[in-house]
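A short write-up of the structure that comes next.
The values are calculated or read from the model by the stated rules, or taken from the named source; none is laboratory data. Keep in mind that this is a model prediction, so the values were computed, not measured. Virtual Cβ from ideal backbone geometry, glycine too; neighbours counted across all protein chains shown. Remember, those area values only see protein heavy atoms, side chains included, never the ligands or the DNA or RNA. Shrake-Rupley method; radii C 1.70, N 1.55, O 1.52, S 1.80 Å.
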Amino acid sequence: MSPLLYYALPALSSYVMLSIFFLRRPRLLHTPWVSAFCPRLGAHRGGSGERLENTMEAMENAVAQRADLLEVDCQLTRDGVVVVSHDKNLSRQSGVNRDVGSLDFEELPLYKEELEVYFSPGRFAHGSDRHMVRLEDVFRRFPRMPMSVEVKEENEELICKIAGLVRHYERDEITIWASEKSSVMKKCKAANPEMPTAFTISRGFWVLLLYYLGLLPFISIPERFLISFLPTIINRTYFPFSCSGLNQLAAVVSKWLIMRKSLIQHLEQRGVQVVFWCLNEESDFEVAFRLGATGVITDYPTALRRYLDNHGPPAPAS
């Protein structure tokens, strides 16, 4: 045996054993985050499978099903009003080819009478309420309901206004900053650092890399929520790519990378709550909870409530 291997092999073995030891016992190194709420039932776009997405009617329906979290997206109108809207352009939602930012709040069109449920292709939602709502009105209507507010673009005015509304209504601990982009999240954290944050895409990849390198137990995690898609829904209800071959590849690779009980249990023990979206079938609820997730975000809060009442989240398999 060469001198290098003589020293390297024992050092590597010790490192692997230490990594596994602290992966399973992270509280020996880190004080876990303490959350103000437990989001077992999250309503995607307010529960967009049962009522028209992001309307007050949809959110009231979700709250009636004892939702723990409302998931919403925000845009800014021309006159500076923060509105709850997934899309920047109104074509899909209202049939009007205008951006939200090109209209004043009072000029915003009604939603269509029916909207296809994005994560349940071929299913449509209806509702008597077709009005786009202000984020401030949602905060007033549901003052203690936790919410995840996603910001999609680097709009500093929008970010500052959301941060100000959260402060004004004293919701800092129960309103999550969410964004796919780290550049946007940086501005969100600067605008209101008291709000808990969710992982961005790049930060999520970074955590996966640290996990597979064995370094994750030794690294601090500032985020309090991992809101991730469930890989098994790719190519069934979620089609991130236009090419079916890429979707099949993404399903296989992401399932292998993400669906690791040891990873999810490690994060949960550190107070990072793992929530999978957007799940609309009972079989997917079962998969998510068996992996050890805190909760699920769904378009159908009634279905998830029925599942939780009948089964509860199963104990993670060992």
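Taking region 44-63 and a reference point 7 angstrom along Cα→Cβ of R140, the backbone N atoms nearer than 16 Å belong to 56-57. Rg/Rh for region 232-318 stands at 0.99; both radii use Cα atoms, and Rh follows the Kirkwood definition. As a rough guide to protection, the peptides 148-161, 15-28 ranked by mean Cβ packing within 10 Å, highest first, stand as 148-161, 15-28. Within region 56-161, all pairs of alpha-carbon atoms sorted by distance into 5 Å bins from zero give the percentages 2, 11, 21, 24, 22, 14, 5, 0. For Rg and Dmax of the Cα atoms in Å, which listed value, (i) 18.1, 57; (ii) 24.2, 81; (iii) 20.9, 78, comes from the coordinates shown? Computing Rg and Dmax of the Cα atoms in Å and matching it to (i) 18.1, 57; (ii) 24.2, 81; (iii) 20.9, 78 gives (iii). Taking the Cα centre of region 164-253 as origin and assigning +1 to Lys and Arg Cβ atoms and -1 to Asp and Glu Cβ atoms, the resulting dipole is close to 200 debye. Summed over the residues of region 84-205 and divided among them, the accessible surface reaches 50 Å² per residue at a probe radius of 1.4 Å.
As a calculated quantity, the FRET efficiency between L28 and R123 at R0 = 51 Å, using C-beta atoms, amounts to about 0.60. Listed peptides 220-233, 64-77 appear in the order 64-77, 220-233 once ranked by packing, highest mean of other Cβ atoms within 10 Å at the front. The Cα trace of region 1-87 gives Rg and Dmax of 24.7, 74 Å, the first to one decimal, the second as a whole number.
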